Amino acid sequence: MSRHLLVIVPAVLLAACQPAADPAGPSAPAAPVEDRAPASLVGEYRVAGIDGAELGGDIGIGLSITETNIFYQPRCAGFDWTYTYEAGALTTERPADRPVCAIGVPPEQRRLASALDSVTRAERTPANGIELTGGERSVTLFSQ
């Protein structure tokens, strides 16, 4: 074996044992929640997910958020909340005195209502959606 091979082989083996460099470079730290909080929630949205899972049941749910209310149809089934929002902090409340119609609703609409009863935070997702979270629940929204 030549002298050069005695030097090259151990160097190659040592290099093979080193961790690979991250091609993207060091990752930036995640932005604080305040930086990811939307300035306003007002808009028309498509509900993309509840509790980290896509909607089931072959239905779509459109969610409306005004300056004071969050709601979806059928609104008479109790799918209507008043809310306050500031810098990512969110509180929702269903008015107790609102008349409610007796109508059958799909399970996904009931799951969404339960999640909206629990949410306490709002922030932008990496895909530019809005995620409402709190009480171990989540709702993912995308603008329509």
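The values are calculated or read from the model by the stated rules, or taken from the named source; none is laboratory data. This is a predicted model, so every value here is computed, not measured. Every residue, glycine among them, receives a Cβ derived from its backbone with ideal geometry; neighbour counts consider all protein chains shown. SASA here: full protein model, heavy atoms, side chains in, ligands and nucleic acids out. Shrake-Rupley method; radii C 1.70, N 1.55, O 1.52, S 1.80 Å.
Computed values, structure above
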read-out	value
The range 116-126: number of residues that are closer than 19 Å to Ala39 by Cβ and either open to solvent by less than 50 Å² (accessible area, probe 1.4 Å) or touching a residue at least 12 places away in the same chain (Cβ under 8 Å) (or both)	7
The one condition in (1) touching a residue at least 24 places away in the same chain (Cβ under 8 Å); (2) not in a loop (DSSP other than H, G, I, E, B) that Thr84 fails to fulfil	(1)
Unmet criterion (only one of (1) assigned to a helix (DSSP H, G or I); (2) farther than 23 Å from Glu136 by Cα; (3) at pLDDT 50 or above) for Ala39	(1)
Single residue of the range 42-81 satisfying the filter (acidic (Asp, Glu) and not in a strand (DSSP E or B)) that is surrounded by the most Cβ atoms within 10 Å (Cβ to Cβ)	Asp51
Only listed residue being more than 19 Å from Ile61 (Cα to Cα) and of a type outside the set (S, T, N, Q), chosen from Gly104, Gly129, Gly134	Gly134
Within the range 94-115, considering residues that are assigned to a loop (DSSP other than H, G, I, E, B) and open to solvent by 80 Å² or more (accessible area, probe 1.4 Å), the one nearest to Cys76 (Cα to Cα)	Val100
Criterion violated by Thr91 - all others in (1) buried (at least 17 other Cβ atoms within 10 Å of the Cβ); (2) modelled with pLDDT of 95 or more satisfied	(1)
